[in-house]
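Colleague: Here it is, the structure, as structure tokens.
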Amino acid sequence: MRVLIPDLSHNNNMERIVRSIAILSFILGSLCGYSQGIEFYKGTYQEAFKQAEEEGKLIFVDAYAEWCGPCKRMAATTFKDAEVGDFFNKQFINLKIDMEKGQGLTFRDEYPVSAFPTLLFIDGSGKIVHKAVGAKKTPDFIQLAKLALRKFDNSDKYAKLYEEGNREFDLMMKYVQALNRAEKPSLKISNEYLRSKPAISEQQMAEFLYVATTHADSRIFDMMVDHKSQIIKMKGEAALVEKVEEACCKTVEKAIEFESPELLSAAKEKLKKNAKAKYKSFDVKSDMDYYLGTGDIDNYLKKSKEYVSKIIKKDPVELKKMAIDLTTEFKDNPAALSLAGQSIQKSIKLEDSAESRMTYATILIHSDQKSEALKQANQALEIAKDKGEPVKKIQGMIQYLQSS
């Protein structure tokens with residue numbers, strides 16, 4: 001979640017500007033976390049290592065202590081962020097280990113730490129691939145994870161065996177997985193393997209196609225769909241739908257890169273045919289992404305309005321997220337700010353909270369409606385007091401608005 005800071009450039013008092021921005025940065029940094037975020041592994045770290053070795057994944061370990069303030073803040077914010085959850089749940093096996101009790105007493109013998117939190121990335125053999133100390137916000141945390149994945153890139157090992165002529169099923173699975181994990185092209189290798197007509201079972205074929213599918217605009221995607229019954233038996237229908245949606249999203253990204261409406265249409269058609277329940281939302285959201293990515297802001301805002309009024313109209317969490325995204329990206333665009341205001345008001349009607357009122361106040365500040373923003377901040381204060389929630393940040397907002 002990006003922090004929303006109002007544009008205060010019209011204020012001539014530099015000292016006041018600096019003070020105001022500092023207050024708002026402090027306050028609005030807490031406006032984050034809309035989803036479950038990271039899903040942490042429930043078993044032992046030994047079991048996690050074994051699973052990581054089998055799946056060719058890295059383990060992320062949050063090595064923390066109960067008394068650690070930065071640990072608590074990261075757990076309450078960064079770990080709950082939707083973007084973080086989506087990335088880490090897909091790429092890693094995630095562990096939280098209290099280093100002063102339980103399995104942490106054994107873990108720290110092998111992996112001693114001197115400060116909390118210590119963020120560890122460990123491979124299935126138990127080797128530390130990368131580590132960092134201290135709490136991280138979402139952008140820095142994801143960059144840290146991407147660096148760990150780059151260090152973990154072991155595709156060259158499989159490439160050497162492949163070039164020597166090894167076409168064993170297990171090797172090909174690991175090779176393609178390693179390429180995909182490192183975000184390297186894998187379609188050429190996958191297609192070469194399939195053209196060789198490997199002597200594998202139908203189940204193995206379905207498993208390989210599931211792993212090899214990256215984009216919807218590919219022969220491998222179509223082959224995977226032809227094996228969907230087998231994939232559903234092995235992994236479940238939800239996993240197949242998720243794979244279809246991922247591949248269609250990748251094709252939308254390609255459509256944006258090449259400014260190709262044909263690829264955008266192809267992605268929509270593939271998703272509608274193979275994951276129909278997801279289509280209504282995907283249809284609008286992919287248009288939004290395409291228009292935003294190609295710089296067509298007017299059409300982006302039109303589709304955003306449709307998204308708010310038809311797709312997420314009963315979802316207070318997504319409405320609030322949309323309001324924040326619009327304000328962050330287009331703080332100088334009156335139409336975007338107006339839609340952001342509509343979105344957060346809908347969210348408040350469905351689920352009122354001090355946090356939502358603070359979000360609305362921020363939007364109003366961007367719109368230069370500080371008296372209305374002050375009203376929202378005061379309402380946020382009342383709600384927080386009634387619920388026994390912290391009020392210091394809200395009082396900071398009120399102080400800023402009263403002094404501006």
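Only the coordinates and a few stated rules stand behind these numbers; no lab work does. Treat the numbers as computed from the prediction; the structure is a model and nothing was measured. Here Cβ is always computed from backbone atoms with ideal geometry, including for glycine, and neighbour counts include all displayed protein chains.
Colleague: Could you give the spread of the C-alpha atoms of the chain along their three principal axes, from largest to smallest, in whole angstroms?
Modeller: Principal-axis extents of the chain (Cα, largest first): 74, 56, 36 Å.
Colleague: Right, another one. How much length is gained on full extension from residue 369 to residue 197, taking 0.36 nm per residue of separation minus their Cα-Cα distance?
Modeller: Details: separation 172, 0.36 × 172 = 61.92 nm, distance 6.68 nm.
That pair, residue 369 and residue 197, stretches by 55.2 nm at full extension.
Colleague: Tell me what the chain gives for mean residue ellipticity at 222 nm when only DSSP H runs of n ≥ 4 count, each as -39,500 (n - 2.57), the sum divided by the residue total, rounded to 500 deg cm²/dmol. Present the calculation step by step, with values, prior to reporting the outcome.
Modeller: Details: 21 runs with 259 residues, N = 404.
Value at 222 nm, helices only: -20000 deg cm²/dmol.
Colleague: With each pseudo-label sitting 7 Å past Cα toward Cβ, what's the residue 296-residue 127 distance in nm, one decimal?
Modeller: About 4.9 nm separates the two model spin labels.
Colleague: So, one more: Taking segment 132-174, which GluC sites (Glu not before Pro) meet the DSSP loop condition and have no more than 10 other C-beta atoms within 10 Å?
Modeller: In loop regions of segment 132-174 (DSSP not H, G, I, E or B), the sparsely surrounded GluC sites (Glu not before Pro) are 164.
Colleague: How about residue 302: which aspartates and glutamates have a C-alpha closer than 18 Å to its C-alpha, ignoring those fewer than 8 places off in the same chain?
Modeller: Those aspartates and glutamates meeting the cut-off are 283, 287, 289, 318, 325, 329, 332.
Colleague: Additional query: Can you give the % of DSSP beta bridges in segment 45-152 that are antiparallel, to the nearest 5? Kindly include the intermediate steps, with their values, before the conclusion.
Modeller: Values: 10 of 17 bridges.
Roughly 60 percent of the beta bridges in segment 45-152 run antiparallel, per DSSP.
Colleague: Shifting gears a bit: For the cross-link pairs 146/313; 272/331; 151/228; 188/303; 57/146, which exceed 25 Å when the distance is taken from alpha carbon to alpha carbon?
Modeller: Numbers: 146/313 34 Å; 272/331 34 Å; 151/228 34 Å; 188/303 36 Å; 57/146 13 Å.
From 146/313; 272/331; 151/228; 188/303; 57/146, over 25 Å: 146/313; 272/331; 151/228; 188/303.
Colleague: Next question. Could you work out how much longer the chain between residue 67 and residue 235 gets when fully extended? Use 0.36 nm per residue separation minus the Cα distance between them, nm to one decimal. Display every interim value, and only then the final one.
Modeller: Details: separation 168, 0.36 × 168 = 60.48 nm, distance 4.04 nm.
Between residue 67 and residue 235, full extension yields 56.4 nm more.
Colleague: I want to check the label-to-label distance for residue 100 and residue 352. Put each point 7 Å from Cα in the C-beta direction and report it in nm to one decimal.
Modeller: Here the modelled spin labels are 4.1 nm apart.
Colleague: Same structure, new question: Cα centroids of segment 145-182 and segment 197-232: how far apart, whole angstrom?
Modeller: 19
Colleague: Give me the number: length gained by fully extending residue 313 to residue 391, i.e. 0.36 nm times residue separation minus the C-alpha to C-alpha distance, one decimal in nm.
Modeller: My answer for the length gained is 25.2 nm.
Colleague: For a Förster distance of 22 Å, can you work out the FRET efficiency between the beta-carbons of residue 259 and residue 332, rounded to the nearest 0.05? Walk me through the intermediate numbers first.
Modeller: Details: r = 25 Å, r/R0 = 1.13.
The computed FRET efficiency comes out at 0.35.
Colleague: So, one more: How many percent of Cα pairs in segment 45-152 exceed 18 Å? Present the calculation step by step, with values, prior to reporting the outcome.
Modeller: Values: 2549 of 5778 pairs.
For segment 45-152, the share of Cα pairs beyond 18 Å comes to 44 percent.
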